[in-house]
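Let me begin by presenting the structure, written as structure tokens, before commenting on it.
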Amino acid sequence: MKDVLIIGGGVAGIQAALDLADRGIHVYLVEKEPSIGGRMALLDKTMSTNDCSICILAPKMNECFSHPNVDVLEYSEVIGLEGRAGDFKVKVKRKAKYVDATKCTGCGDCMEKCPTEVPNEYNSYLDKRKAIFLPFPQAVPRKATIDDRYCLKLTKNRCGLCEKICKAGAIDYNQKDQIIELNVAAIIVAVGLSLYEPRDLYEYGYGKYDNVHTWMEYERLINAAGPTHGHLKCSPDGRRPKKIAFIQCVGSRDVKRCPWCSSVCCMVSIKSAMLANEHYNDLESYIFYSDLRVFSKRFYEYSKRGERDYKITYIHARPGEIKEDKRTKNLIIYYEDEKEGKVKELEVEMVILATPIMPAKDTKKIANVLGIETDEHGFIKTVDFLKYPVETTKPGIFVAGCCERPKDITESVIQASAAAAKAAELAG
Amino acid sequence: MAEKLRIGVFVCDCGTNIAGFVNVPEVCEYAKTLPDVVYVKENMYTCSNAGIQEIMDAIKEYKLNRVVVASCTPRTHEPLFRKACEDAGLNKFLFEFVNIRDQCSWVHQKEKEDATEKAKDLVRMGVAKARLLEPLEEIKIPVERKALVIGGGVAGITSALSLAKQGFEVYIVEKENKLGGLLNHVHSLYPSNIDANEFLNELLEKVKKEKKIHVFLESEVESVEGYIGNFNVKIKGKKKGEIKVGTIIVAIGAKPYEPMYMYNYDEYENVITQFELENLLKENKIGKWKKIVFIQCVGGRGERVRYCSRICCMNSIKNARLLKKLLPESQIYIIHKGLQTYGTVYEDYCRKAREEGIRFVRVRDAVPTVSSLEKKDGKLVVGFYHPGLRRKIELDADLVVLSTPLIQREDAKKISQMLKVPLGQDGFFFEAHVKLRPVDFATDGIYMAGSCRAPADINECIVQAVAAASRAAIPMAKGYVKAEPYTPVIDEEKCMGCGVCVEVCPYGAMRLVEKDGRKVAENVPAACKGCGACGSSCIHKAINMRHFKDEQIMAQIEEAIE
């Protein structure tokens, strides 16, 4: 039996790894972040069942990490590939964490004392983290990482506080990147997604108005482990909102930006509106949509439940503009009311923009290293949409999850299992 | 003399999920006062690597012989904590789970003091049960390396091909006289518009060449007995047989809804279903239609069935584009309630349809798709309220195509009963977990793929089919599975051989056997799911469930009402 390499430790990568490992095939799981978990680890609750995302993912992350047939290579990147299906030689760069993983206990003392605060990408940049950090509390592995872009010791040879504090003696400023070579029979690419930054849609005022957020920011705002501990707060006085609007297709189904439909955002907004109403029972939500895409199992029923039980109003319109009331920081949405054929105004305290799923930032780079093709939108291309839906353009390399095209957790998991079966044909 | 009890209690903050509403330090202090508790620890996240390590270290350092974790739910976390016990050398059934999140902090977010008191009660009950826990051993069951696929449509065929390629023997049982299912009745497939016959024939060629695949046509599964790894299957019909398989994939597909009494479908011959249009296209019986109207959600989205059938929008667009190519002068309308052309490929496909001149009219979701469809002067007239124009408009048409949803087949119920797997409210098979186990049934060793799970198009059927093959391959590749030992202990002195337990067991795991000239109940551990139905129905109190013994549960109840 031969080994399999999986690139990307999100829910798709984890599922593929577990399917393979459970049947006895050894897997290397390469993840570029210091923790596996991917996007799903950062979501609050997940649509259609509203169960807590990290609560259902964390056991899988732990199972994966502690599985005797899985080697998790976190904070690593694939930088070279040679050979062919059945016999690939892969070069992986393990980035220096400047922390000896065998000694670090994940106690968090260093993070408390570290004086350098940096933008926290794991909370959608809404707060700060330290230069020595864990991405999130349930990180797997629970080992600290020093961010060498910001650490004072590594950039200016000052500070060195974490080394003094660490009781385990785990800090190692001299650690170097390591290159390792793997021999695998098959590869699964599951490098995930990025999200559209709606700064060029000036009419919605993102980045200009305090109370306009993207859906990913909202996921962190409504999350108990997020920057506001799950409390929704509006600028300028921190009051909680009573009316929220969600605007769909912000950047997607837009031939100038992302021409595709992002598949998940309609359901995400319905879920988000439900959660807001669960937090504050009098809260009302308005979802501005083009076509409400609720096509999967039990989704349509879910959208109806939102309308019936969670004070959600669906409005078929693409708002033309949002203006901010300078004093209250409330937002006035201008849209065409379909029923009356007039431009109407709706004043709300918070606006959430449903921005689309895009290919992950390094998708092209990884595709080049592996010698596989991407499609016209930059997602990983499959050989044939119908006949070979998990096969990339190079034999022996398979694809799963949102790097192939936007999809939800369920579909990512299904595709991951399918990719695992294909990899097993070569490795088993 | 039994060894002295040394209980460790770990109380989880779950970030703020628990600690935000329950005073965890107070619960910890309280736990220290309980009998036989020798170690108590508060964890920010007991399930994190650090938390797990703390459990393992404490077992070794404090010689713990019982572990209680008060945190979330066994549904997601029990295997993890048990494994920690096992890795530290403790029998994993000496672990007890107390749920102070789902059953306490989450439901008492507005009563913090009471929540803390309740958490103490729950911990005290857990400790009481832990004191009576007994070590148990898991059962290892061998797995037959063969699979049964019920249904020979595109999903069933693809599952079978994948399993065969992975080295397993597969039996496909198909009730029709040929493989292919609905594909046999479809003209072409989106998004490449490949001919459906050509596509199917390619698959069938592969099946023919694959020696590991055995096809039973015009046959049905008569009965299935057994459990994961060891299913005994009887097949009836043209080709009879008895086979033993390790796993089963259900792929019986779905069928299009017949819109009887809707939109005068049964009266007017130019009102046809999407499915009938596929056949006309297939047989090249295209009329000289000048105006064609597609009506979406006929019977779907609350009209007859509640759900959205997912694939009909794309199917209409595909056929509209085909017709437009065949009849370039025609005007084609698609009346819909919100187009479901999700993702990159379908949205592109839909945009091309617009460019080619297909007209889309969106009507409101809350009302029927069209308000009237009648004949005026020999022409069909489709009436509906146009939300953009804000008035009722009428379109005359030569052909009206009704897009009806896929619905579950009649035999779904039979198969659900035979395999003891559930159907959802929508009539489709119900998965073990919507997101994390989307093609598994809750019953081990049985999986699903294709439109019997929910309406799915060809791409989705194929991905699901290979996924189901991946899941089914796991126990078969390993060659064994482990079962939890929550089996009944039968007191043969007390057992009267009445057979009630045999009646109530939903898994066929109880049977009556002759012993010393009288009938007594016997359990088949590998088939047993430990549900306890036998134990609770035994009026002679002859059955006691391992790990849920009467005395263990009574101890908890006594603590609860003290």
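The values are calculated or read from the model by the stated rules, or taken from the named source; none is laboratory data. Model, not experiment: these values are computed from the prediction. In this analysis, Cβ positions are derived from the backbone assuming ideal geometry, glycine residues included, and neighbour counts consider all displayed protein chains.
Quick grid of which residues meet (1) on the phi > 0 side of the Ramachandran plot; (2) assigned to a strand (DSSP E or B); (3) within 13 Å of chain A (Cβ to nearest Cβ):
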residue	(1), (2), (3)
B:Glu144	no, no, no
B:Ala147	no, yes, yes
B:Ala155	no, no, yes
B:Ser159	no, no, yes
B:Leu163	no, no, yes
B:Gly167	yes, no, yes
B:Asn184	no, no, no
B:Pro191	no, no, yes
B:Glu198	no, no, yes
A:Glu301, sole failed condition from (1) part of a helix (DSSP H, G or I); (2) more than 8 Å from chain B (Cβ to nearest Cβ); (3) over 22 Å from A:Asn223 (Cα atoms): (2)
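Whether any residue in the range A:42-50 is aliphatic (A, V, I, L, M), farther than 18 Å from A:Leu370 by Cβ and without any contact (Cβ under 8 Å) to a residue 40 or more places away in the chain is what I want to check.
no
Identify, please: which residue in the range B:208-218 is touching a strand residue (DSSP E or B) at 6+ places or on another chain (Cβ under 6 Å) and surrounded by fewer than 19 Cβ atoms within 10 Å (Cβ to Cβ) and is, among those, farthest from the other protein chains (Cβ to nearest Cβ)? So that I can check it myself, show each step before the final result.
So the first thing to find is which residues in the range B:208-218 are touching a strand residue (DSSP E or B) at 6+ places or on another chain (Cβ under 6 Å), and the list is B:212-216, B:218.
When the remaining residues are screened for being surrounded by fewer than 19 Cβ atoms within 10 Å (Cβ to Cβ), the result is B:212, B:214, B:218.
Details: B:Lys212: 13, B:His214: 20, B:Glu218: 28 Å.
The extreme case among them is B:Glu218.
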When residues of the range B:49-61 are limited to those that are closer than 14 Å to A:Gln138 by Cα and in contact with a helix residue (DSSP H, G or I) (Cβ under 8 Å, 6 or more places away or on another chain), the one farthest from the other protein chains (Cβ to nearest Cβ): B:Ile52
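Scan the range B:349-394 residue by residue and report those that are outside any strand (DSSP E or B), of a type in the set (D, E, K, R) and either buried (at least 19 other Cβ atoms within 10 Å of the Cβ) or in contact (Cβ under 8 Å) with a residue 12 or more places away in the chain (or both). Spell out the reasoning first.
Our first condition is that a residue be outside any strand (DSSP E or B); within the range B:349-394, this holds for B:349-358, B:363-371, B:377-378, B:387-390.
If we keep only those that are of a type in the set (D, E, K, R) as well, we get B:351-352, B:354-356, B:364-365, B:377, B:390.
Within the range B:349-394, B:Lys352, B:Glu356, B:Arg364, B:Asp365 qualify.
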Odd one out for B:Pro135, checked against (1) assigned to a helix (DSSP H, G or I); (2) more than 14 Å from chain A (Cβ to nearest Cβ): (1)
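With the range B:469-562 as the region, which strands (runs of 3 or more DSSP E) entirely inside it contain at least 1 residues that are surrounded by fewer than 20 Cβ atoms within 10 Å (Cβ to Cβ) and modelled with pLDDT under 90? Break it down stepwise before answering.
Numbers: elements: B:480-483, B:488-490, B:510-515, B:518-523, B:543-545.
Those strands (runs of 3 or more DSSP E) span B:480-483, B:510-515.
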The one condition in (1) among the β-branched types (Val, Ile, Thr); (2) facing another protein chain (nearest Cβ under 10 Å); (3) farther than 22 Å from B:Ile553 by Cα that B:Val40 fails to fulfil: (2)
A:Val92, sole failed condition from (1) within 14 Å of chain B (Cβ to nearest Cβ); (2) on the phi < 0 side of the Ramachandran plot; (3) surrounded by 19 or more Cβ atoms within 10 Å (Cβ to Cβ): (1)
Residue pairs meeting the criteria (Cβ under 6 Å; at least 6 apart or on separate chains; first away from chain A (no Cβ under 11 Å), in the range B:281-310; second surrounded by fewer than 16 Cβ atoms within 10 Å (Cβ to Cβ) and assigned to a helix (DSSP H, G or I)): B:Ile286/B:Leu326
Hey, A:Val413 facing another protein chain (nearest Cβ under 9 Å), at pLDDT 95 or above and assigned to a strand (DSSP E or B) or not: no
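Confirm whether B:Ala397 is within 30 Å of B:Asn193 (Cα to Cα), touching a residue at least 40 places away in the same chain (Cβ under 8 Å) and aliphatic (A, V, I, L, M).
Working: within 30 Å of B:Asn193 (Cα to Cα): yes; touching a residue at least 40 places away in the same chain (Cβ under 8 Å): yes; aliphatic (A, V, I, L, M): yes.
Considered against the rule, which asks whether it is within 30 Å of B:Asn193 (Cα to Cα), touching a residue at least 40 places away in the same chain (Cβ under 8 Å) and aliphatic (A, V, I, L, M), B:Ala397 comes out as yes.
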Among the candidates B:Phe21, B:Phe81, residue that is part of a loop (DSSP other than H, G, I, E, B) and either within 12 Å of chain A (Cβ to nearest Cβ) or of a type in the set (Lys, Arg) (or both): B:Phe21
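Table: residues versus (1) in contact (Cβ under 8 Å) with a residue 60 or more places away in the chain; (2) more than 8 Å from chain A (Cβ to nearest Cβ); (3) over 9 Å from the mean Cα position of the chain (by Cα).
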residue: B:Gln417; (1), (2), (3): no, yes, yes
residue: B:Pro438; (1), (2), (3): no, no, no
residue: B:Ala454; (1), (2), (3): yes, no, yes
residue: B:Ala467; (1), (2), (3): no, no, yes
residue: B:Arg471; (1), (2), (3): no, no, yes
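With A:Glu82, A:Glu63, A:Glu77 as the choices, which residue is surrounded by fewer than 21 Cβ atoms within 10 Å (Cβ to Cβ), in a strand (DSSP E or B) and either assigned by TED's automatic domain parsing to the domain that holds A:Phe295 or touching a residue at least 24 places away in the same chain (Cβ under 8 Å) (or both)?
Numbers: A:Glu82 fails: either assigned by TED's automatic domain parsing to the domain that holds A:Phe295 or touching a residue at least 24 places away in the same chain (Cβ under 8 Å) (or both); A:Glu63 fails: in a strand (DSSP E or B).
Of A:Glu82, A:Glu63, A:Glu77, the one residue that is surrounded by fewer than 21 Cβ atoms within 10 Å (Cβ to Cβ), in a strand (DSSP E or B) and either assigned by TED's automatic domain parsing to the domain that holds A:Phe295 or touching a residue at least 24 places away in the same chain (Cβ under 8 Å) (or both) is A:Glu77.
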Conditions (1) modelled with pLDDT of 95 or more; (2) surrounded by fewer than 20 Cβ atoms within 10 Å (Cβ to Cβ); (3) within 27 Å of the chain's Cα centre (by Cα): number failed by B:Leu179: (2)
